Amino acid sequence: MKKVILSILVVVLFVFTLSACDKECTHEWENGVCALCDAECEHEWADNACAVCGSHAYEFKSVPEKYQDEECPEKGSVVTETITYEDASYGAYVYLPYGYDAEADTQYNILYLLHGAGEEEGYWFKMGSKYAAFRDNITVTMPDNLIYYGMCDPLIIVTPCTYDILGTETGAQAGGDYNYFRDGLVKQIEAKYNTYAGGDVTEENLIATRDHRGMAGFSMGGMTTYSVGMQQNLDIISWFGCYTGAGDAASLLTALSAEENANYKINFFYNGQGTLDLQELRATQLKMAEDLLKDGRYFKDGENFILNDKENKGHKYDCWIVDLYNTLTVSFFN
């Protein structure tokens, strides 16, 4: 009998010892936090993606080769689009991700991506006769790979002509009421393609789906994003990117504080430039960032705002493609 009792005590002690084991947690990560011990992911980075929690990091030098050089087995396509507005026709290009099916119910986020002065709507995708000499089309290869490797969700990218958005003498650049971007481009594109608008391009529905719409551009395209996008179409767009081109903080703060914009917060405002960039544009963007963050009402650095100032990068494509990479992987639609 004593042997039996002793055996039971040994078993109980053994079980208790196991239950009190202080073995280190092996971590069951969910969104960067362990479900077992609440520890935060320490991040095991590879090509700007964490192998543990799937988080993505900003790039400050160049797009990782994995995403810009590899030939993706799942390629998207770029199609030509013509927009008719006020008896005139305007060109644009549209990137459609791999597997896009016009008859399917899948809905896609959409990014309106603008070019700078002296360029055309084919700049980003190297489409059209002006860009025929360009053989490497990173702007297509990169989103293909980013989507394939899970760095961003499949999305639609539209590259219109920035001059068309600005208009002429009565255009937005001159302070006029030129509505081609909203009433022409956005409405005709999203009536046709599978965005979250679902083909319904009424004002009410465009406003209701603003969290799935972004706008970005470089140089003159960044200035246009800042003026036409952030200050005239804030009710239908919530993600913005200015690549070496913005404006003074006062004009944006005036727009954001207007009563009609009270319910339209900016989800993220990405700013990119290089230390070798055009000094006037660089200085303007640095001052704007300083003033917006100092104001403190609408932007918090690292939360819904970043200024990515890249060492030894100038006013060139290799600077802006890094900004587009960051926009797609970290800043937008997250």
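About the Cα centre of the range 185-330, how large is the charge dipole given +1 on each Lys and Arg Cβ and -1 on each Asp and Glu Cβ? Please answer in debye to the nearest 20.
260
Residue 137 versus residue 263, label points 7 Å from Cα toward the beta carbon: distance in nm?
4.1
Provide the percentage of antiparallel DSSP beta bridges, counting only those with both residues in the chain; round to the nearest 5.
DSSP beta bridges in the chain are roughly 40 percent antiparallel.
Can you list the residues, at least 5 places off or on another chain, whose amide H is less than 5 Å from the amide H of residue 214, using H built in the peptide plane?
Amide H to amide H, under 5 Å and 5 or more residues apart or across chains, residue 214 pairs with 110, 111, 112.
Given a 1.4 Å probe, how much area per residue of the chain is accessible, in Å²?
Accessible area per residue: 50 Å².
Of the candidates 203, 42, 59, which one comes out as most mobile in a Gaussian network treatment of the chain with C-alpha springs shorter than 10 Å?
Its mean-square fluctuation being the largest, the pick is 42.
Scan the chain and report its longest stretch carrying no trypsin sites (Lys or Arg not before Pro) that are both in a DSSP loop and have at most 16 other Cβ atoms within 10 Å.
On the way: sites that count: 23, 61, 75, 135, 265, 297, 300, 316.
Within the chain, the longest run free of exposed trypsin sites (Lys or Arg not before Pro) spans 136-264.
How high is the relative contact order of the range 61-144? Use alpha-carbon pairs under 8 Å, at least six apart in sequence, and give a whole percent.
Value for the range 61-144: 35 percent.
Which percent of the accessible heavy-atom area of the chain goes to carbon and sulfur, probe 1.4 angstrom?
Reported share for carbon and sulfur atoms: 50 percent.
Checking the table 187/265; 61/294; 66/192; 287/316 against a 25 Å threshold on Cα-Cα, which pairs fail?
61/294; 66/192
The values are calculated or read from the model by the stated rules, or taken from the named source; none is laboratory data. None of the values given here were measured: they were computed from a predicted structure. Backbone-built Cβ (ideal geometry, glycine too); neighbour counts: all protein chains shown. When the accessible area is computed, the model is the full protein with side chains, heavy atoms only, and any ligands, DNA or RNA have been set aside. Shrake-Rupley method; radii C 1.70, N 1.55, O 1.52, S 1.80 Å.
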